[in-house]
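The values are calculated or read from the model by the stated rules, or taken from the named source; none is laboratory data. Bear in mind the structure is a predicted one, so any value in this text is a computation, not a measurement. Cβ atoms come from the backbone with ideal geometry, glycine included; neighbour counts cover every protein chain shown. All accessible areas refer to the heavy atoms of the entire protein, side chains included, with ligands and DNA or RNA removed. Shrake-Rupley method; radii C 1.70, N 1.55, O 1.52, S 1.80 Å.
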Amino acid sequence: MEEVKLHGTSYNLFTYRVIWALKLKGIPFEYTEEEHSDKGSLIMKYNPAFKRFPILFHGDKVISESMVIIEYIEDIWPQNPLLPIDPFDRAISRFWVKFAGDKGHCIGTMYYTSGEKQEKAIKETIEMLKIIEEQALDEENKFFGGEKIGIVDIAFGMIPHWLEIIEDVVGVKLLQPNLFPNLSNWVKNFKEEKVIKENLPNCDEMFVFLKNQREMILSSS
């Protein structure tokens, strides 16, 4: 098998998405952690459009952007599928992956802004959570696609861990079990899955990192 190498950054959801996908599929890979401030030759050569990690190397092929990488992984290694077999179910999964990509940025905006912009981002985050709670999840399934983690669970990976720590950094509590029972159960199930549990950044270290980074962003704006 051609060598698989992943370059990413610590505490970065997009990097962890790819790590989870590779681990869930049982694909051996070599991981290299890059500096957060590194916008050097590797990024400019292989992802000049977005200038960010992760970047996956598969032999002489190079793929960037986390969900694009995961679709590639799904196509190359069909074992332990992350997408459903049925074409309609695959389309529904891709709809929610797109929703996560289009709407999930409000969590980041809530994190790196203050005042009216932050209040707007908080409202958008609550609205996003409501839509997921009411339309994407149900009480019968552990995960979005059933009893196993799939591509939609990975796409919404910013909610477990990242949103929880950002809530602590910002000083708000949005994901409350009484308001979002299905989503709260899903978070619990997701974080208890062995592959996820063993591949999450340390909470305390991530809190300190995100708190310091937020202070730097706000002081320079």
Using the Cα centre of the chain as the reference point, and only Cβ charges (+1 on K/R, -1 on D/E), how large is the resulting charge dipole? Debye, rounded to the nearest 20. 360
Within segment 5-30, name every residue whose backbone N is under 14 Å away from a label modeled 7 Å from Cα of Lys148 along the Cβ vector. 21-27
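May I ask you to give the percent of accessible area on segment 58-121 that is carbon plus sulfur, with a probe radius of 1.4 Å?
Working: 2180 of 3630 Å².
Accessible surface attributable to carbon and sulfur in segment 58-121 totals 60 percent.
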State, to one decimal in nm, how far the label point of Gln176 lies from the label point of Lys98, with both points 7 Å from Cα in the Cβ direction. 3.4
Nearest 500 deg cm²/dmol is fine: what mean residue ellipticity at 222 nm does the chain get from its DSSP H runs of n ≥ 4 alone, each adding -39,500 (n - 2.57), divided by its residue count? -16000 deg cm²/dmol
Listed residue (Ala91, Val68, Phe144) projecting farthest to the positive dipole end of the chain, Cβ model: Val68
What per residue convex hull volume, in Å³, do the alpha-carbon atoms of segment 44-154 yield? 122
If each of Thr9 and Glu164 carries a label point 7 Å out from its Cα toward its Cβ, how far apart are those two points in nm? 2.4
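In the chain, which whole DSSP H runs stretch at least 20 Å along their own axis (Cα) and average 0.0 or higher on the Kyte-Doolittle scale?
Details: long enough: 87-103 (24 Å, -0.40); 115-131 (24 Å, -0.78); 203-220 (25 Å, 0.04).
Those that pass (Cα extent of 20 Å or more, hydropathy at least 0.0) are 203-220.
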Identified option (computed Cα extents along the principal axes in Å; candidates (1) 50, 45, 28; (2) 65, 48, 31; (3) 40, 40, 30): (1)
Give the lysines whose C-alpha is closer than 22 Å to that of Lys45, dropping any in the same chain fewer than 8 places away, or say none. Lys5, Lys61
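At a Förster distance of 22 Å, what's the computed FRET efficiency of Asp204 paired with Lys117, Cβ-Cβ distance as r, to 0.05? Could the numbers behind the result be given before it?
On the way: r = 28 Å, r/R0 = 1.27.
Efficiency at R0 = 22 Å is approximately 0.20.
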Run through all the Cα pairs of segment 99-221 and give the fraction in each 5 Å bin from 0, expressed as whole percent. 2, 10, 21, 23, 20, 14, 7, 3, 1, 0
Could you check the simple spin-label distance between Glu124 and Arg90, using points 7 Å along Cα→Cβ, in nm with one decimal? 3.2
